[in-house]
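Each remark here refers to the structure printed beneath this line.
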Amino acid sequence: MLRRYGTAALATVTAHDVHSPFPHPPRSLTQPMPTIDPTPESFKAMFTAVPAETPVVMLNLLRFRKRAVYRSGAKQPSRSGIEAYAEYSRLVWPCLQAVGGKALWRAKAHHALIAPADESWDELLLVEYPSIEAFAEMITSEEYQRIVFHRTAALLDSRLVVTTPDPGKQTS
């Protein structure tokens, strides 16, 4: 059970993420491309880097599009990126609960005090999962795969950082 999600999950994520339906705007070589979805390589590496069967908290940094960009032919109303993410949040809730996950904190980002000059975020979200395996189970589920397009349409850029408790350095 420890690592069984790695290969099966990678196949599912690969089908969704390798060929992104959303072209990114051209950027100079000095500006990094926006990152919305995990790459198959980063998804696979997660199972090596993150301890198995250990609770994880996912740090989400989110920058929204002014208008959501849905795949051509998607029958979705015109909405802002924030509205599209709200729809994703509403629909992802049962998926999150099914694997024992929970949202811990959501906040508006006002200013990045220490960051590259052109990096800014709209929101920060902390989501806890019982393990990295539970997270992988959720994002590779058929139900999640049916709704994740709202997240992709909503975001201009994002970061998703996997964290685990450091038992030797807990604060009270």
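Each value in this text was obtained by applying a stated rule to the coordinates, not by laboratory testing. All values derive from a computational prediction rather than experimental measurement. Using ideal geometry, Cβ is built from the backbone for each residue, glycine included, and neighbour counts are taken over all protein chains shown.
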*What FRET efficiency comes out for the pair Arg71/Arg159, r = Cβ-Cβ distance, R0 = 25 Å, nearest 0.05?*
0.60
_Along the Cα→Cβ direction, 7 angstrom out, place labels at Ala117 and Glu142. What is the inter-label distance in nm?_
5.2
*Please list 135-141, 71-77 highest first by mean number of surrounding beta-carbon atoms within 10 Å per residue.*
135-141, 71-77
*Dimensions of the stretch 129-172 along principal axes (Cα, Å, largest first)?*
39, 24, 14
*Stretch gain in nm, segment Ser78-Arg106, where the contour uses 0.36 nm per residue and the Cα spacing is subtracted*: 7.6 nm
*By how many nm would the segment from Glu53 to Ala86 lengthen if fully extended, with 0.36 nm per residue of separation less the alpha-carbon distance?*
8.9 nm
*Which value does Rg/Rh take for the stretch 96-172 over its C-alpha atoms, Rh per Kirkwood?*
1.01
_More than 27 Å apart - percent of Cα-Cα pairs taken over the stretch 40-172_ = 24
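Sort 48-57, 125-134 by packing, meaning the average of other beta carbons within 10 Å per residue, with the highest value first. Before the final figure, lay out the partial values.
Numbers: 48-57: 13.2, 125-134: 19.8.
Highest to lowest by the protection proxy: 125-134, 48-57.
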*asked:* Using Stokes-Einstein with the Kirkwood hydrodynamic radius over Cα pairs, what translational diffusion coefficient do you get for the stretch 28-105 at 20 °C and a viscosity of 1.002 mPa s, in µm²/s rounded to a whole number?
replied: 137
